[in-house]
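Q: Below are the structure tokens for one structure; questions will follow.
Rule-based calculations on the coordinates, nothing more; no lab input. Quick caveat: nothing in here was measured; it's all calculated off a predicted structure. Cβ: placed from backbone, ideal geometry, glycine included. Neighbour counts: every protein chain shown.
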Amino acid sequence: MSHHIVDLHDVHFRYPDGTEALKGISLRIVHGESVGIAGANGMGKTTLLMNLSGQLIPTKGEITIGEVTLSKKSKQEIRKKVGVVFQRTDDQLFMPTVYEDVAFGPVNLGLSEEKVRERVNAALAMVNCLHLINRPPHRLSEGQKRSVAIATVMAMDPDILIMDEPASNLDPKSRRQLINLLRGFKHTKIIASHDLDLIQDVCGRCVIIQDGQIAADGPSEEILSNEILLKDNSLELPLSRQYLRT
Amino acid sequence: MKFETEFFNIGYLDTLSYKDTFVHRLDPRIKITVSFIFILFVVSFPKYELSALIPFFLYPVFLLAAGNIPFRAIFKKVLFVSPFAVFIGIFNPLLDTRVLLTPFGIPVSGGWVSFLSILVKFVLTVSTALLLIAVTSFPGICEALERMKLPKVFVLQLLFLYRYLFVLLDVGLRMSRARDARSFGKKGKEIKTFIKLISVLLVRSVERAERIYQAMLSRGFRGEIRVLKHHTLGLFDILFAVTAVAFFFLIKKVHIVNFVGETVSRYIR
Amino acid sequence: MHMADALLSPVVGGAMWAGSLGTIIYCAKQLKEQMDEKLIPLMGVLGAFIFAGQMINFTIPMTGSSGHIGGGMLLAILLGPYPAFLVIASVLIVQALFFADGGLLALGANIWNLGIYPAFIGYPLIYRAIVKQNASNKVITIASVLSVVIGLQLGALSVVLETKLSGITELPFSTFLLMMQPIHLAIGLIEGFATAGIVVYVRSLRPDIVDNLEGVKSASSGGSLKKLLIIMAILAVITGGAFSWFASTHPDGLEWSIEKIYGKPEVPEKQNPVTENLAKLQEKTAILPGYSLPVKGAENTESGPSPWPAVDPGTSLSGIVGSFMVLAVIILFGIGIKFMRRQKAKM
């Protein structure tokens, strides 16, 4: 279905202070693909995600999601298709209880109270957090917050899921649960992460960003086993492969 | 050090507020109203009134016991905030030296009586305020305030403050510790360093607010926020309110303490 | 300094609550009409920031003791009067509940004392008058110190007035004032400099935070209604002060003026319904009519202790014995409940 295709065409982005964060990114992601975005700090990963989610608008070039091209006017529409899970969970959970946080999106979509309740329950069930439904967010562990944050996004039934460093600050068990969860999602996934092992486990395709441009784009199997390529981009082999190497 | 104790204190009271007891389940509007009426009754006593205040302890004691709140926690807090009242009240014995009564033959000046009265009123009112939050979650109080017609903008303000209070306290705590780790004696705690610390905290806070705003936008925010109503007035709520207020009226009118005292004294004689 | 419930009378406490609530409602209304939606998370986070900021101590120069910032003026500078007042109120509410800072009745007075003066006097009348776009650091410092000091002085004066009008303390008006004002002058100077330092430094990090909330501020600071509020506040302070001064220096002046106006030294039947009801409450039980109301024969607490109470206040022998007995019963009652609950939990 064409309306799930994400198309970036020569996207540039410059910050108000002059920093050129994206210098011509062209990328095409089809429905159901799972793409990992890797790259050293400051290379443009987060900026790219912010452009994809409509938070920022390219200073040059175009982003098209489905049939909608991103612009000031279409921002709202894009937001309905794209669900973003931010790096810092505290920024994303701002309501008094988990229920109200997860309900925030559906309520804003204009759904009836019945429907909202349905969506909330379904979303929380999806991330195995139904039992937390009346908890205040500041009483959740980091892993729980992360799961709930995902639920807040899933409740809006997005076509595309964008995540920025989803496993940061998670303990091993929570991280594993997150990976399993993500593998189960059929949505188009775009995940920026330093955790190359996570990208390996979750994403079939891997894109490396260096200096605001795409340095490599291909199947994760290939990219993440190419030690020289990774080193050239200030990265390393995923830990699991380093072990295997010896 | 003080930061840490304060931090954990607020967290502790907050944890208590989410317990599940009869008192916790009462409608927050009732608890706020009754507590407020309680305080009005207590402070309506004139300055030399002391023993008539005693029966009022029943209300905070009830909240504490039925709400399963540890006595020591409340006691320590009350103690901690008492200095101001003591500081102002202590002038009474100094200025008012006319002997008011002589129990057991010891002359006691009016000033001491009014001072003690202040202290008792203080303990009653302050413990009740603490117990109110200990048996009612803060969001519960906010919900009550909104239903009691406080402007929504303000209620939202309270909720957002509460939500990010712990987050920012945590950030502040870590900054404070980091500073302490590199301070020796008074060096490092000067106002200059403080200004820089606070300014950085301020900027980080504003940046956080911007990110939250983005998160809100990304979930369709367009200016309206709907906060849920969790409570409805039930029979027990009304019963509690009526009983409590009637009790306050009763013990204000009828000097129970004197009655008991006189009966016992007569019995002894 | 925070007011405490124990030092307030119901009337004074109620009056201050009325003033504060009225202001909250007014500010909320102003915001609703012209609010930038960004303000919602910003105000909340800044409130939390003030809280966190108050936890960080610094050593006060020349004294060695540690202090912390209040933040009212800083909020006014960052947000403008209406949002700032709401944030200050919200911080005080949280403090009253979680830290028992003063109490629930005194909360009304505290919100007024610590909110009105920085937001509606210090900021619009002093700071904004002096500081224009791209002001120099020196100008900011002067404006900041002036507005904070005046704000705190007015706040301290209010505390004294509220306490005296409640009639619980024996402290003579002048002595109390003499204690409070210098302390708050010192606090004001420090906080003024600290606030200036923060504004200057933040401006160097992110100028838009300090300068560009102009859009929000100018939108929310328009209206002659606001000027009216400010004038009312000043008048209230002045009349309150004058009244108190008059009452304190002319001990029987209160009675005298009531006599003159009503022709008899007794309370007229017609009073404002609110005060009437609160007065009835106090009257019914007041053995010693306090300073707080012109109730039958108000006496002064200025020159020496109050007149001999007409009725035994209940602290004689039977009072003492009775007190302990009743207290013991109440404690036993409490322990009983706790015990019963523990039993229930075991089952």
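Q: Taking 0.36 nm per residue of separation and subtracting the Cα-Cα distance, what length does fully extending residue B:253 through residue B:87 add? The partial results should precede the final answer.
A: Details: separation 166, 0.36 × 166 = 59.76 nm, distance 3.10 nm.
Net length gain for the segment: 56.7 nm.
Q: Please work out the Cα convex hull volume for the range B:61-171 and give it in Å³ per residue. Don't skip to the answer; put the middle values down first.
A: Working: hull volume 19.3 nm³, N = 111.
Dividing the Cα hull volume of the range B:61-171 by its residues yields 173 Å³.
Q: Got a sec? Which residues in the range B:141-177 would a label at residue B:207 touch, if it sits 7 Å along Cα→Cβ and we count backbone N under 19 Å?
A: Counting only backbone N, you get B:164-165, B:167-177.
Q: Given a Förster distance of 51 Å, report the FRET efficiency between residue B:148 and residue B:99 from their Cβ-Cβ distance, rounded to the nearest 0.05.
A: Values: r = 47 Å, r/R0 = 0.92.
E between residue B:148 and residue B:99, to the nearest 0.05, is 0.60.
Q: Farthest toward the dipole's positive end in the protein assembly as shown, which of C:41, B:244, C:321, given Cβ charges of +1 (Lys, Arg) and -1 (Asp, Glu) about the Cα centre?
A: Positive-most Cα among the choices belongs to C:321.
Q: Hey, fewest Cβ within 10 Å first, where do A:50, A:126, C:73 land in order?
A: Values: A:50 20, A:126 17, C:73 34.
So the ranking, lowest neighbour count to highest, is A:126, A:50, C:73.
Q: Which one, A:11, B:83, A:49, projects farthest toward the positive side of the charge dipole computed for the protein assembly as shown from Cβ point charges (K/R +1, D/E -1)?
A: Result: B:83, furthest along the dipole toward the positive end.
Q: Give the aspartates and glutamates reachable from residue B:31 as a straight Cα distance under 20 Å; neighbours fewer than 8 places away on the same chain don't count.
A: Answer for residue B:31, where 20 Å is the Cα cut-off: B:14, B:20, B:143, B:146, B:237, C:5, C:101, listed by chain and number.
Q: Any chance you could list P(r) for the range C:5-246, counting all Cα-Cα pairs in 5 angstrom bins from zero, rounded to whole %?
A: 1, 6, 13, 19, 20, 18, 12, 7, 3, 1, 0
Q: In vacuum, with every alpha carbon of the range B:151-218 counted as one equal point scatterer, what does the Debye formula give for log10 I(q)/I(0) at q = 0.15, 0.19, 0.25 Å⁻¹? Two decimals, please.
A: So the normalised log intensities are -0.62, -0.84, -1.12.
Q: Please state the relative contact order of the range B:33-128 as a whole percent: Cα pairs under 8 Å, 6+ residues apart? Could the numbers behind the result be given before it?
A: Numbers: 87 pairs, mean separation 37.0, N = 96.
With pairs under 8 Å counted, the relative contact order is 39 percent.
Q: Please list, or write none, the aspartates and glutamates whose alpha carbon is within less than 14 Å of the alpha carbon of residue A:75, excluding same-chain residues fewer than 8 places away.
A: Reachable aspartates and glutamates: A:62, A:67.
Q: How far is the Cα center of the range B:85-133 from the Cα center of the range C:3-36, in Å?
A: When both Cα centres are located, 29 Å separates them.
Q: Same structure, new question: Using all C-alpha to C-alpha distances in chain B, build P(r) with 10 Å bins and read off the rounded percent in each one.
A: It works out to 6, 20, 26, 23, 16, 7, 2, 0, in whole percents.
Q: Could you order the peptides B:108-115, A:66-73, B:205-212 from most to least packed, using the average number of other C-beta atoms within 10 Å per residue?
A: Highest to lowest by the protection proxy: B:108-115, B:205-212, A:66-73.
Q: Right, something else. Using a 10 Å cut-off on Cβ to Cβ distances, tally the other chain neighbours for every residue of B:175-182 and report the average as a whole number.
A: On the way: counts 3, 4, 0, 0, 3, 0, 0, 0.
Taking all residues of B:175-182 together, the mean is 1.
Q: Please give the charge dipole size of the protein assembly as shown, origin at the Cα centre, charges +1 on K and R Cβ atoms and -1 on D and E Cβ atoms. Round to the nearest 20 debye.
A: Details: 87 positive and 69 negative charges, 181 e Å.
The calculation lands at about 880 debye.
Q: Also: Convex hull over the Cα atoms of the range B:126-269, averaged projected area in nm²? Intermediate values should be presented prior to the final figure.
A: On the way: hull surface 68.9 nm².
Taking the Cα atoms of the range B:126-269, their convex hull projects to 17.2 nm² on average.
Q: Taking the simple approach of a point 7 Å from Cα along Cα-to-Cβ for both residue A:194 and residue B:233, what is their distance in nm?
A: 5.6 nm
Q: Right, another one. What order do you get for B:54-62, B:241-249 when each peptide is scored by the mean count of other beta carbon atoms within 10 Å, highest first?
A: On the way: B:54-62: 22.7, B:241-249: 15.2.
Order by mean packing, descending: B:54-62, B:241-249.
Q: Could you list A:43, C:3 in order of exposure, starting from the residue whose Cβ has the fewest other Cβ atoms within 10 Å? Write down the numbers at each step before the final one.
A: Values: A:43 22, C:3 30.
Fewest-to-most ranking of A:43, C:3: A:43, C:3.
Q: Starting from the coordinates of the alpha-carbon atoms of the protein assembly as shown, obtain the Kirkwood hydrodynamic radius over all distinct pairs and give the value in Å to one decimal. If you can, show how the numbers build up before the last one.
A: Working: mean 1/r = 0.0333 Å⁻¹.
Taking every pair of different Cα atoms in the protein assembly as shown, averaging 1/r and inverting gives 30.0 Å.
Q: What whole-number value in cubic angstrom gives the convex hull volume per residue for the C-alpha atoms of chain A? Before the final figure, lay out each step's value.
A: Details: hull volume 30.9 nm³, N = 246.
That works out to 126 Å³ per residue.
Q: Using unit Cβ charges (K, R positive; D, E negative) and no other charged atoms, how large, in debye to the nearest 20, is the dipole of chain B about its Cα centre?
A: Details: 35 positive and 17 negative charges, 148 e Å.
Its charge dipole is roughly 720 debye.
Q: Ranked highest first by the average count of other Cβ atoms within 10 Å around their residues, in what order do B:150-159, A:229-238, C:13-22 fall? Walk me through the intermediate numbers first.
A: Numbers: B:150-159: 22.1, A:229-238: 16.4, C:13-22: 19.0.
Ranking, from highest mean packing down: B:150-159, C:13-22, A:229-238.
Q: In the protein assembly as shown, if the dipole is taken from +1 on Lys/Arg beta carbons and -1 on Asp/Glu beta carbons about the Cα centre, which of A:35, B:41, C:12 is farthest to the positive end?
A: B:41
Q: A further question on this structure: Report the per residue volume, in Å³, of the convex hull enclosing the C-alpha atoms of the range A:46-168. Please list the in-between numbers first.
A: Details: hull volume 12.6 nm³, N = 123.
Cα convex hull per residue, to the nearest whole number: 102 Å³.
Q: Mind scanning B:152/B:229; A:186/B:229; B:76/B:121 and naming the pairs with a C-alpha gap bigger than 24 Å? Intermediate results must be reported in sequence, preceding the final value.
A: Values: B:152/B:229 13 Å; A:186/B:229 35 Å; B:76/B:121 17 Å.
Violating the 24 Å limit, Cα to Cα: A:186/B:229.
Q: Enumerate lysine pairs in the range C:5-246 that are 8 or more residues apart or on different chains, then count those whose Cα atoms are under 27 Å apart.
A: 18
Q: How much of the DSSP bridge set in the protein assembly as shown is antiparallel, in percent, rounded to the nearest 5? The partial results should precede the final answer.
A: Details: 25 of 42 bridges.
About 60 percent, rounded to the nearest 5.
Q: While we're here: Please give the average number of partner chain Cβ atoms lying within 10 Å of the Cβ of each residue in C:172-179, rounded to a whole number.
A: 1
Q: What length, rounded to one decimal in nm, is gained on full extension from residue C:63 through to residue C:36, with 0.36 nm per residue of separation minus their alpha-carbon distance?
A: On the way: separation 27, 0.36 × 27 = 9.72 nm, distance 4.33 nm.
Net length gain for the segment: 5.4 nm.
Q: With +1 on each Lys and Arg Cβ and -1 on each Asp and Glu Cβ, how big is the dipole of chain A about its Cα centre, in debye rounded to the nearest 20?
A: Working: 29 positive and 31 negative charges, 89 e Å.
Once rounded to the nearest 20, the dipole reads 420 debye.
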